[in-house]
Amino acid sequence: MARTLTVLAPVAGTVLDLADVPDPVFAQAMVGPGAAIRPTTGVQAAVAPVEGVVSTLQPHAFVVTSGTHGVLVHLGIETVSLGGEGYTTLARRGATVTAGAPVVRWRPDDVTARGLSALCPVIAVEADPETVERLVPVGTVVAGGTPLLRWSPGDR
């Protein structure tokens, strides 16, 4: 039976097109379709965008899997180069989380101070683009409070 996932904004900020992300892997939706968020400044808790299991957890990125469908949250671009500096994981890999539960704490300003982009791609991993609808075309989103994407993945 097919189900629809509502993907919440994992960080507070302003919604952008994936094409605006300065990384071709995300900009060309090679990992999957989605949206990007320019995060607000200050300390932020990046939250689980869906209810599920934290299946992948790095300081700068995580995937929450709901059933067999994963949502990737990447906190900045090329931030793997920071080696986790400036990020604090708040959940553990394998943990079951509710949508809106804190997963990583970070400061987007620290990322930009190092000359990197703090844009946050939010990706429906390996999804058919026809199954993902962006619910916020432009504007401000609240972490854990604003529905960002509607994903109707069907069965797989």
Placing unit charges on C-beta atoms (Lys and Arg positive, Asp and Glu negative, everything else neutral), compute the dipole magnitude of the chain about its Cα centre in debye, rounded to 20. 420
Expressed as a percent, the accessible surface of the chain that is carbon or sulfur, using a 1.4 Å probe and the full set of protein chains, is 52
Across P137, P108, P49, the residue with the highest GNM fluctuation in the chain (Cα network, 10 Å cutoff) is P137
What's the FRET efficiency of D109 with R3 using the Cβ-Cβ distance as r and R₀ = 35 Å, to the nearest 0.05? 0.40
How many percent of the alpha carbon pairs in the range 63-142 exceed a separation of 20 Å? 43
Rounded to the nearest 0.05, what FRET efficiency do E85 and T56 have when you use their Cβ-Cβ distance and R0 = 25 Å? 0.80
Just the number please: accessible area per residue for the chain, 1.4 Å probe, all protein chains included, in Å². 46
Tell me which of L149, T65, P121 sits at the most positive position along the dipole axis of the chain, charges placed on C-beta atoms (Lys, Arg +1; Asp, Glu -1). T65
Two-decimal log10 I(q)/I(0) for the chain, as the Debye equation yields it once each C-alpha is a single scatterer, q = 0.11, 0.20, 0.21 Å⁻¹: -0.35, -1.28, -1.42
For V136, net neighbour charge (Lys/Arg +1, Asp/Glu -1) across residues whose Cβ lies under 13 Å away: +1
Which listed residue (T112, V21, P49) has the Cα farthest towards the positive end of the charge dipole for the chain, taking +1 on Lys and Arg C-beta and -1 on Asp and Glu C-beta about the Cα centre? P49
Kindly rank 15-22, 67-74 from highest to lowest mean number of other beta carbons found within 10 Å of each residue. 67-74, 15-22
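The values are calculated or read from the model by the stated rules, or taken from the named source; none is laboratory data. These figures come from a predicted structure and were not determined experimentally. Cβ sites come from the backbone with ideal geometry, for glycine too, and all protein chains shown count toward neighbours. Side chains are part of the model used for accessible areas, which takes the heavy atoms of the whole protein and leaves out ligands, DNA and RNA. Shrake-Rupley method; radii C 1.70, N 1.55, O 1.52, S 1.80 Å.
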